[in-house]
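Peer 1: One structure follows; several queries about it will come next.
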Amino acid sequence: MKEEFSVRQPGFNPKVPKSNFLSDEQMRGRIIDLENYPRRKIFDAFKDRDIPTYSITSLVDITAFKPFAKELAHGFFVPFSFLLSKAVNAVPEFRQRIVDGNIREFERVHPGFTILQQDRTFAFCDSLHFDEFAEYGPHAQEQIRRSHEHPICDTGEKHHMFFISNLPWISFTAITNPFDRQNSSIPIISMGKYFSQGGQLVMPIGVQVNHALVDGIHLGDFYDHLNDFCANPSHCFG
């Protein structure tokens, strides 16, 4: 039987296995029944606000992760983005999106990066989440390479994704990102410049989410997962 796939990644490369692309079902997610949704009142209170998003920044201890990442020979960004992707996918509320007035929950969501170009501009780079870094790392590196060769700023359908913005030049204490109404429920995660503090190596991680879907307790879940992954990297990379 011939299998059909929705190829949504820019610069499609026919040499990439078809299993690396997403089916229509994976891109749509499942609709949550609002009549039985426990956060219905909170959802209704925030979904139509002019600015439904909010953001928070917290320091993450990367003391154990930094030397571990060095041994992986994939640089710093790609291995850390893997941990971010694992933490995002571990929290159901981070996989929920508002689409045409409905809440859709995706089985998994996939990272999109901002990639610095040689001319000091940047481009967007869509990647995929894999449970194992042995698949995640090479795929992300290939997508980044393609982004350098064919830089784009595609703003098409992205609800099956979340975004990572990398700012290694700045140790920020707060950050907000642009958004539009259509994509306001897509989480945006910002990585800042790491630094030493109290004998630890820490990095600011900013997270912007839509309050119609994500509350403070869910942000706490995300940071708990991320801190645990950074403290025990060998458990994640296998």
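Peer 1: Which of (1) on the phi > 0 side of the Ramachandran plot; (2) in contact with a Leu (Cβ under 6 Å, 6 or more places away or on another chain) is the odd one out, the single condition ARG120 does not satisfy?
Peer 2: In the conditions (1) on the phi > 0 side of the Ramachandran plot; (2) in contact with a Leu (Cβ under 6 Å, 6 or more places away or on another chain), ARG120 misses (2) alone.
Peer 1: Going residue by residue through the stretch 26-48, is there one that turns out to be at pLDDT below 95, within 19 Å of the chain's Cα centre (by Cα) and among the polar types (S, T, N, Q)?
Peer 2: yes
Peer 1: For the stretch 67-78, which positions are more than 21 Å from ILE186 (Cα to Cα) and either modelled with pLDDT of 95 or more or not in a helix (DSSP H, G or I) (or both)?
Peer 2: PRO67, PHE68, ALA69, GLU71, LEU72, ALA73, HIS74, GLY75, PHE76, listed by residue number.
Peer 1: Give the residue that is farthest from GLN96 (Cα to Cα), with candidates limited to residues of the stretch 130-166 that are assigned to a strand (DSSP E or B) and within 11 Å of the chain's Cα centre (by Cα).
Peer 2: SER165
Peer 1: Can you pull out every residue in the stretch 153-197 that is of a type in the set (A, V, I, L, M), closer than 17 Å to LEU128 by Cα and out of contact with any helix residue (DSSP H, G or I) (no Cβ under 8 Å at 6 or more places or on another chain)?
Peer 2: Answer for the stretch 153-197, where residues must be of a type in the set (A, V, I, L, M), closer than 17 Å to LEU128 by Cα and out of contact with any helix residue (DSSP H, G or I) (no Cβ under 8 Å at 6 or more places or on another chain): MET161, ILE186, ILE188.
Peer 1: Starting from the stretch 155-183, keep only residues that are at pLDDT 95 or above and surrounded by 15 or more Cβ atoms within 10 Å (Cβ to Cβ), then list their pairs with residues that are in a loop (DSSP other than H, G, I, E, B) and of a type in the set (Ser, Thr, Tyr) whose Cβ atoms are within a distance under 6 Å, requiring at least 6 positions of separation or different chains.
Peer 2: none
Peer 1: Of the residues that sit in the stretch 36-51 and are touching a Leu at 6+ places or on another chain (Cβ under 9 Å) and part of a loop (DSSP other than H, G, I, E, B), which one is surrounded by the fewest Cβ atoms within 10 Å (Cβ to Cβ)?
Peer 2: For the stretch 36-51, the residue satisfying everything is LYS47.
Peer 1: Look at ALA90 and say whether it is modelled with pLDDT of 95 or more and more than 28 Å from ALA231 (Cα to Cα).
Peer 2: Here the answer is no, as ALA90 does not meet what is asked.
Peer 1: Take ARG97 and tell me if it is crowded, with 22+ Cβ neighbours inside 10 Å and closer than 15 Å to SER185 by Cα.
Peer 2: In short, yes.
Peer 1: Residue by residue through the stretch 113-134, note down the ones that are acidic (Asp, Glu) and loosely packed, with under 15 Cβ neighbours inside 10 Å.
Peer 2: ASP119, ASP131, GLU132
Peer 1: Let me ask something else about it. Out of all the residues in the stretch 189-211, which are of a type in the set (Gly, Ala, Ser) and either in a strand (DSSP E or B) or crowded, with 21+ Cβ neighbours inside 10 Å (or both)?
Peer 2: SER190, GLY192, SER196, GLY206
The values are calculated or read from the model by the stated rules, or taken from the named source; none is laboratory data. None of the values given here were measured: they were computed from a predicted structure. Glycine also receives a Cβ, built like all others from the backbone with ideal geometry; neighbour counts cover every protein chain displayed.
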